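The values are calculated or read from the model by the stated rules, or taken from the named source; none is laboratory data. Please read all numbers here as calculations on a predicted model, not as lab measurements. Using ideal geometry, Cβ is built from the backbone for each residue, glycine included, and neighbour counts are taken over all protein chains shown.
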Amino acid sequence: MAITLYGVAVSRALRCLWMLEELGLPYRHVQTTFLGGGTRTPEHLKLNPNGHIPVLQDDGLTLFESMAINLYLAMKYDKGLWPAGDADRGRAIQWSFWGMTEVEPHLLQVLLNRAMLPPERRDEARAAKALDTLQTPFRILDEALAGRETLVGSAFSVADLNVAAILSWIRPAQVDLSAFARLSRWLTAQHSRPAFKAALAK
């Protein structure tokens, strides 16, 4: 087995590093960043013509798009992260795509305008508008966790990992989750996992 992951933990590659750490798989981590055109070199564009990270190589397969990578790893190297049964597998895919479409674009706007962009380019009005939009998916997720510790089934799975990885931007984006007690409690539990901390350290 020869797994290589290209990317850095301050990007969407974090979710893939987290998955690899949860699975306990040996892998090579190639630090690749947008800074200095690192994702636009001829070598990297051969791996991902979009010029993005992360990229996974596994036994001859080259795969990009972070959610595709994580679902693939959970399926291939199943250690309990890929749910049993078609219904729960469908729900795991549902929550993964939900996180990408309903949460990630808006949370990214908050993050950019509160932390990542140079101060002179930040727009707090834009951040506030995105944060207002996020109240609906936050409520939906909070309600989905009523009486539950996990999103799918009864154990931590790829669904929890993928959604919690997107929400790892909550803290640097200075987002207050106090109105969503179940969501806040669940997220704290996910981000307390040793594998998440190991991925952050990358």
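Checking each residue in region 144-169 for being loosely packed, with under 13 Cβ neighbours inside 10 Å and either modelled with pLDDT of 95 or more or not assigned by TED's automatic domain parsing to the domain that holds Met116 (or both) picks out Ala146, Gly147, Arg148, Ala155.
Considering Leu141, Leu131, Leu108, which residue is closer than 29 Å to Gly36 by Cα, under 19 Å from the mean Cα position of the chain (by Cα) and surrounded by 13 or more Cβ atoms within 10 Å (Cβ to Cβ)? Talk me through it step by step, then tell me what you get.
Values: Leu141 fails: closer than 29 Å to Gly36 by Cα; Leu131 fails: closer than 29 Å to Gly36 by Cα.
Selected residue: Leu108, the only one of Leu141, Leu131, Leu108 that is closer than 29 Å to Gly36 by Cα, under 19 Å from the mean Cα position of the chain (by Cα) and surrounded by 13 or more Cβ atoms within 10 Å (Cβ to Cβ).
Considering region 6-19, and only residues there that are surrounded by 24 or more Cβ atoms within 10 Å (Cβ to Cβ) and of a type outside the set (Ser, Thr, Tyr), the residue that is farthest from the chain's Cα centre (by Cα) turns out to be Gly7.
Could you run through region 143-159 and say how many residues are part of a helix (DSSP H, G or I) and touching a residue at least 60 places away in the same chain (Cβ under 8 Å)? First the steps, then the outcome.
Taking region 143-159 and keeping what is part of a helix (DSSP H, G or I), we get 143-144, 158-159.
Narrowing the set further to residues that are touching a residue at least 60 places away in the same chain (Cβ under 8 Å) leaves 158-159.
Summing the residues that are part of a helix (DSSP H, G or I) and touching a residue at least 60 places away in the same chain (Cβ under 8 Å) in region 143-159 gives 2.
All of Ala13, Ala9 fail the test of being touching a Lys or Arg at 6+ places or on another chain (Cβ under 7 Å), closer than 22 Å to Ser192 by Cβ and in contact (Cβ under 8 Å) with a residue 24 or more places away in the chain, apart from Ala9.
Looking only at region 66-95, how many residues end up being part of a helix (DSSP H, G or I), small (Gly, Ala, Ser) and more than 18 Å from Leu5 (Cβ to Cβ)?
So the first thing to find is which residues in region 66-95 are part of a helix (DSSP H, G or I), and the list is 66-76, 86-95.
In the following step, the residues that additionally are small (Gly, Ala, Ser) were identified as 66, 68, 74, 87, 90, 92.
From the residues that got through so far, the ones that are more than 18 Å from Leu5 (Cβ to Cβ) too are 87, 90, 92.
Within region 66-95, residues that are part of a helix (DSSP H, G or I), small (Gly, Ala, Ser) and more than 18 Å from Leu5 (Cβ to Cβ) number 3.
Among all residues of region 170-185, there is none that is surrounded by 20 or more Cβ atoms within 10 Å (Cβ to Cβ), out of contact with any Asp or Glu (no Cβ under 9 Å at 6 or more places or on another chain) and not in a loop (DSSP other than H, G, I, E, B).
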